[in-house]
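Following: one structure in structure tokens, then a few remarks.
The values are calculated or read from the model by the stated rules, or taken from the named source; none is laboratory data. All values reported here derive from a predicted model rather than from experimental measurement. For neighbour counting, all protein chains shown are included, and Cβ atoms are generated from backbone atoms with ideal geometry for every residue, glycine included.
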Amino acid sequence: MRHRSFYEATARQRIVEILDAHSFAELVGPEQRTVSPHMQALQLPVAFDDGVVVGRGTLHTKPVLIAAQEGGFVGGAVGEVHGAKIVGLLERARRERPAAALLLIDSGGVRLHEANAGLIAVSEIIRAILAARSDGVTIIAAIGGASGCFGGMGIAAACCSAVVMSEEGRLALSGPEVIETAHGVEEFDSRDRALVWRTMGGKHRYLLEDCDVLVDGDMEGFRAGIAAAMEAPQSLTLEALEREQAMLARRLQIFSSSRDGRDVWRTLGWPNPETVPLVPTDVFLAQAAALRAA
Amino acid sequence: MNAPSLLLRRWDQRAQNLEQRLVRARSRLGNRLNGRLVAAQDVVELLECVIEPGDCVCLEGNNQKQADFLAEALTRVDPSIVHDLHMVQSVVALPQHLDLFEKRIASKLDFSFSGPQGARLAQLVADRRIAIGAIHTYLELFSRYFVDLTPRVALITAESADPQGNLYTGPNTEDTPLIVEATAFKNGVVIAQVNEIVSRVPRVDIPGDWVTHVVQSPAPHHIEPLFTRDPARITDIQVLMAMMTIKGIYAEYGVERLNHGIGFDTAAIELLIPTYAESLGLKGKICRHWALNPHPALIPAIEAGFVESIHCFGSELGMEAYIAARPDIFFTGHDGSMRSNRAFCQMAGHYACDLFIGSTLQIDLEGNSSTATLDRIAGFGGAPNMGADARGRRHGSQAWLRAGREASLRYGHSQRMPRGRKLVVQIVETFRDHMLPAFVERLDAWEVADSAGMPLPPVMIYGDDVTHIVTEEGIANLMLCRTSAEREQAIRGVAGYTPVGLERDRRTVENLRDRGVIRRAEDLDIDARSASRDMLAARSIKDLAGTFLEHLQYRFAGGYSCGAVTPRVVGVVASGNLEVLIEAATLDGACAFDIDTPARGFARVWQAVISDFFARHRLGDVRISINDNGATPATVALRLDQAVEEYRGVSQR
């Protein structure tokens, strides 16, 4: 019996399970040993794929390009080689025009060991996403790994055409530990796991409209969720950006005094905000739809 | 001179019996016996010839190295031939040690320490499959080898042997000389497994004529690394306790000869010697001579010139080259490698050291401390021998005599006859991980004794041997307490916010502090706020070890190509994990391994794991590259097997 949890799977397992069987072909594979020169210089363990697997395949027979970050290797952090592999994939997407480019994100952000090279890599990823989208490529971020989606990768995810998350996924700019370090434990207790998920987890992001498709945390959930997002592509137009800007302004106004996800949910009209983390995904989605309609 | 009864009795029955055993072996194995040498596949038959039912057998299980091949072989003897053995061994470490009892090959056990097998041992005792004679300290068990528990057969392990049976034990000599001495000179059988047979051993640790048979084991013996503590995990609180210990005990008494227990508390002391102790001007005055395993954390103190000599119980994987390069400090042979000896080092720690300091799990109001936990029979090892006053000691030293003077004032009246006293220090933070209090009204050891039917609770260090307790709250000097009530308050007075500490009588505690029985950091002129990891001489293993990654290469000839060509990668370079890349390569049928690992000094373990892997699959024309991040052998073996499965394409999802 193979486990089907997206959260616990490795990057390679995720690709195999998300794409159509036997359709994946890797680019710049591990046998090429394109490892991080910075980690080598620091005498730290390297990975043959530098923590990201890239390649092509099909999803429901439609051609896709895919990148999957390995959250287990230095927290999925983006280094120079790692970033270049993702950028190369997105540039290929502009030439090949697949049905979508999929980013399975599992990353704490920039790889601090690589300093400026890592920061530049992240900014290049963001630029490549926007360039590909303006060429009409649909780019879908899927977030549901143990390292979450933070820092520069949080910005990158927000730049994608659609974000697919599980409840276990976490999406934010600053990670819990970073907020606590910068602003104190009174501001944010990073060891309060429930608080972390109430402010950064998939359900909360869905209610705030940062997440477009909320799925169950198993492989089938992500496969179906990504396919659904591919069906409803968001194009990068001035109107879409203005709509988004208006949504953000409205959000700032309505929730500016909220201290916790629970406050947000109460304001949104959830009758029992403390039960939000407990309800199953389908019940949650039905309730959210009813509240939005109201 | 007529003594007919004496004339009728034979006085060499053990020698006669030994000869019978050897004749049985010769007739059954015939020309498969090559002098002292015997092949691995013949060992089970040999054991069936030379072991008799009811024999007292020592199966060498040390704290670190294990006669693992012979242990496995002994589990395969026919129980109708070999049964009811009485096992006498210091450490019950391997599953095979207990398999013997499940298979009814052995029935009785005398031992010192069971560590990882403690839970299963407790279950087997409850099921009446094992009768425990007694649980000893090392020195007690070793002593009984020469009194009433002399092994009839000893199954031991060494690094190498020559054809004459001379053994080289390498740095991990440990218990071997003592076991062989007790067995060989009482007409016993000594069988040694060795990692290799050589024409000439680097040095003779055991003379060949004490050894009956030698077998080359298919894989190198297992050695457990035990003493390496990553400085990165030492806390500021441990730094504070170490500062108080150095200033309030080591400097105060002038402790020159000592032993440290294993743990982060004592590693912190070791790493403060070249920084904090140096700043107090203590070089040459404290910590000069040690009975201690080669702790990596002591390297900075050695390099700083504090340490003049160290005798070791065993060795530590990864420290071999460092030790060999410092023969002035360590006990080394003419071949350059260390010779350890657990029995002698235990003796040195007991009689020739002025101080023992160690951590514990629980301390009660009498100062008794215990590491026993429910549902496990863990035993003692050596700590009680170190952490006990040596009542037989007669030579004086500054520290010993001063402690003796303090102890003689106990209960308010001075003894006329001067006598010294060993310093026995327990160092603990008041709460352990998960907020478990280190101070308790009643030790779990009482329940352990009840549930396992032990004659007395398994106490590691008895309260009347403890002279000082060090916590983050200060030092309690138990020798200066005049009544048992005072002693209890002295312990409560350093027990912090534990329930025991909260129950203190504040006035009595303040009074004890006025008298110097309890000393806080500020009483020692230590600013607790200055306690910081910045003071540690090394803050990571990398600081201790120099360069970080170790590159290992192995090549095995004689494999078979499986025809696969697509490279596969399995696993992730996460902490405690690794990735394995397997790909075809033209290597004349060989299988080549390239390994990068941050865990330095484990080449022997890697070699053993990789050899077993090659023996399982015999892959040829394959290159296997590994990026390791501190994976255990079990994980390495699992990933390797998964990689082969993927590579061969057997795996179907």
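Taking each residue of the stretch B:493-511 that is within 23 Å of B:Leu436 (Cα to Cα) and looking for partners that are in a helix (DSSP H, G or I) and among the β-branched types (Val, Ile, Thr) with beta-carbon atoms closer than 7 Å, six or more apart or interchain, yields B:Gly493/B:Val509. Criterion applied to B:Ile179, B:Ile197 was being surrounded by 19 or more Cβ atoms within 10 Å (Cβ to Cβ) and of a type in the set (Val, Ile, Thr), and the one residue passing it is B:Ile179.
Just one of the listed residues (B:Thr173, B:Thr150) is touching a residue at least 60 places away in the same chain (Cβ under 8 Å), surrounded by fewer than 20 Cβ atoms within 10 Å (Cβ to Cβ) and of a type in the set (Ser, Thr, Tyr), and it is B:Thr150.
Any residue at all in the stretch B:534-550 that's of a type in the set (Asp, Glu), part of a loop (DSSP other than H, G, I, E, B) and under 30 Å from B:Glu473 (Cβ atoms)? Scanning the stretch B:534-550, I find no residue that is of a type in the set (Asp, Glu), part of a loop (DSSP other than H, G, I, E, B) and under 30 Å from B:Glu473 (Cβ atoms), so the answer is no. For the stretch B:571-600, the set of residues classified as out of contact with any Gly (no Cβ under 8 Å at 6 or more places or on another chain) and facing chain A (nearest Cβ under 9 Å) consists of B:Gly571, B:Leu581, B:Glu583, B:Asp596, listed by residue number. The test for being surrounded by 14 or more Cβ atoms within 10 Å (Cβ to Cβ), out of contact with any Pro (no Cβ under 6 Å at 6 or more places or on another chain) and farther than 27 Å from A:Met247 by Cα does not hold for A:Arg205.
For the stretch B:138-187, give me the residue count where each residue is on the phi > 0 side of the Ramachandran plot and out of contact with any strand residue (DSSP E or B) (no Cβ under 7 Å at 6 or more places or on another chain).
Pass one, the stretch B:138-187, residues on the phi > 0 side of the Ramachandran plot: B:165, B:170, B:174, B:187.
Narrowing further to those that are out of contact with any strand residue (DSSP E or B) (no Cβ under 7 Å at 6 or more places or on another chain): B:187.
Result for the stretch B:138-187: 1.
Taken over the stretch B:581-594, residues that are more than 7 Å from B:Ile624 (Cα to Cα), aliphatic (A, V, I, L, M) and not in a loop (DSSP other than H, G, I, E, B) amount to 1. The strands (runs of 3 or more DSSP E) falling completely within the stretch B:27-121 that include 1 or more residues that are without any contact (Cβ under 8 Å) to a residue 40 or more places away in the chain and in the same structural domain as B:Ser199 (by TED's automatic domain parsing) map to B:85-91, B:106-113. The set of residues from the stretch B:103-135 being at pLDDT 95 or above and of a type in the set (Asp, Glu) comprises just one member, B:Asp110.
How about the stretch B:564-580: which of its residues are of a type in the set (A, V, I, L, M, F, W, C) and in a loop (DSSP other than H, G, I, E, B)? Break it down into steps so the answer makes sense when it comes.
The first filter runs over the stretch B:564-580 and keeps only residues of a type in the set (A, V, I, L, M, F, W, C), leaving B:564-565, B:569-570, B:572-574, B:578, B:580.
Residues satisfying the conditions are B:Ala564, B:Val565, B:Val572, B:Val573, B:Ala574.
Among the residues of the stretch B:69-82, those identified as farther than 24 Å from B:Glu159 by Cβ and either under 28 Å from the mean Cα position of the chain (by Cα) or surrounded by 18 or more Cβ atoms within 10 Å (Cβ to Cβ) (or both) are B:Arg76, B:Val77, B:Val82.
Pick out the one residue from B:Arg568, B:Arg618 that is among the charged types (D, E, K, R), closer than 16 Å to B:Asp641 by Cα, more than 32 Å from the chain's Cα centre (by Cα) and within 14 Å of chain A (Cβ to nearest Cβ). Within the list B:Arg568, B:Arg618, the selection yields B:Arg568.
Kindly check whether there is at least one residue in the stretch B:492-503 that is assigned to a strand (DSSP E or B) and at pLDDT 95 or above.
Pass one, the stretch B:492-503, residues assigned to a strand (DSSP E or B): none.
For the stretch B:492-503, residues assigned to a strand (DSSP E or B) and at pLDDT 95 or above: absent.
Taking the stretch A:97-202 and the helices (runs of 4 or more DSSP H) fully enclosed by it, the elements with 1 or more residues that are touching a Gly at 6+ places or on another chain (Cβ under 6 Å) and at pLDDT 95 or above are at A:115-134, A:152-158. Looking at the stretch B:628-643, can you tell me whether even one residue there is within 13 Å of another protein chain (Cβ to nearest Cβ), hydrophobic (A, V, I, L, M, F, W, C) and over 27 Å from the mean Cα position of the chain (by Cα)? Scanning the stretch B:628-643, I find at least one residue that is within 13 Å of another protein chain (Cβ to nearest Cβ), hydrophobic (A, V, I, L, M, F, W, C) and over 27 Å from the mean Cα position of the chain (by Cα), so the answer is yes.
I want to confirm something. Restricting to the stretch B:15-50 and keeping residues that are charged (D, E, K, R) and within 18 Å of B:Ala161 (Cβ to Cβ), which single residue is surrounded by the fewest Cβ atoms within 10 Å (Cβ to Cβ)? Talk me through it step by step, then tell me what you get.
Our first condition is that a residue be charged (D, E, K, R); within the stretch B:15-50, this holds for B:19, B:21, B:24, B:26, B:28, B:32, B:36, B:42, B:45, B:48.
Then keep just the ones that are within 18 Å of B:Ala161 (Cβ to Cβ); that gives B:32, B:36, B:42.
Values: B:Arg32: 15, B:Arg36: 20, B:Asp42: 17.
Restricting to residues being charged (D, E, K, R) and within 18 Å of B:Ala161 (Cβ to Cβ), the top hit is B:Arg32.
Considered as a group, the residues in the stretch B:604-614 that are hydrophobic (A, V, I, L, M, F, W, C) and farther than 23 Å from B:Thr586 by Cβ include one that is farthest from the other protein chains (Cβ to nearest Cβ), and that residue is B:Ala608.
Would it be correct to say that B:Val605 is part of a helix (DSSP H, G or I), within 23 Å of B:Ser575 (Cβ to Cβ), modelled with pLDDT under 95 and not assigned by TED's automatic domain parsing to the domain that holds B:Ala321? For B:Val605, the condition - part of a helix (DSSP H, G or I), within 23 Å of B:Ser575 (Cβ to Cβ), modelled with pLDDT under 95 and not assigned by TED's automatic domain parsing to the domain that holds B:Ala321 - is met. Restricting the stretch A:1-12 to residues that are free of Cβ contacts under 8 Å to residues at least 60 places away in the same chain and surrounded by fewer than 19 Cβ atoms within 10 Å (Cβ to Cβ), the residue that is nearest to the other protein chains (Cβ to nearest Cβ) is A:Arg2.
Select from the stretch B:608-631 the residues that are outside any loop (DSSP other than H, G, I, E, B) and among the small types (Gly, Ala, Ser) and write down the one among them that is surrounded by the fewest Cβ atoms within 10 Å (Cβ to Cβ). If we take residues in the stretch B:608-631 being outside any loop (DSSP other than H, G, I, E, B) and among the small types (Gly, Ala, Ser), then B:Ala615 is surrounded by the fewest Cβ atoms within 10 Å (Cβ to Cβ). Regarding the stretch B:517-528, can at least one residue be identified that is touching a residue at least 40 places away in the same chain (Cβ under 8 Å), small (Gly, Ala, Ser) and out of contact with any strand residue (DSSP E or B) (no Cβ under 8 Å at 6 or more places or on another chain)? Looking for residues that are touching a residue at least 40 places away in the same chain (Cβ under 8 Å), small (Gly, Ala, Ser) and out of contact with any strand residue (DSSP E or B) (no Cβ under 8 Å at 6 or more places or on another chain), one finds at least one in the stretch B:517-528, hence yes. Scanning the stretch B:276-299 for residues that are in contact (Cβ under 8 Å) with a residue 60 or more places away in the chain and of a type in the set (Ser, Thr, Tyr) returns a single hit, B:Tyr276.
From the list B:Ile624, B:Ile541, exactly one residue is modelled with pLDDT under 85 and more than 10 Å from chain A (Cβ to nearest Cβ). Which is it? Reasoning before the result, please.
Working: B:Ile624 fails: modelled with pLDDT under 85.
The unique qualifying residue is B:Ile541.
Residues of the stretch B:319-360 that are of a type in the set (Gly, Ala, Ser), surrounded by fewer than 21 Cβ atoms within 10 Å (Cβ to Cβ) and over 27 Å from B:Pro202 (Cα atoms): B:Ala352 alone. Residues that are closer than 30 Å to B:Arg492 by Cβ, away from every other protein chain (no Cβ under 14 Å) and among the small types (Gly, Ala, Ser) are absent from the stretch B:553-563.
It is to be established whether one or more residues within the stretch B:212-231 are surrounded by 24 or more Cβ atoms within 10 Å (Cβ to Cβ), hydrophobic (A, V, I, L, M, F, W, C), out of contact with any Phe, Trp or Tyr (no Cβ under 9 Å at 6 or more places or on another chain) and more than 30 Å from B:His468 (Cβ to Cβ). Looking for residues that are surrounded by 24 or more Cβ atoms within 10 Å (Cβ to Cβ), hydrophobic (A, V, I, L, M, F, W, C), out of contact with any Phe, Trp or Tyr (no Cβ under 9 Å at 6 or more places or on another chain) and more than 30 Å from B:His468 (Cβ to Cβ), one finds at least one in the stretch B:212-231, hence yes. Scanning the stretch A:22-59 for residues that are hydrophobic (A, V, I, L, M, F, W, C), free of Cβ contacts under 8 Å to residues at least 12 places away in the same chain and facing chain B (nearest Cβ under 9 Å) yields a single hit, A:Val46.
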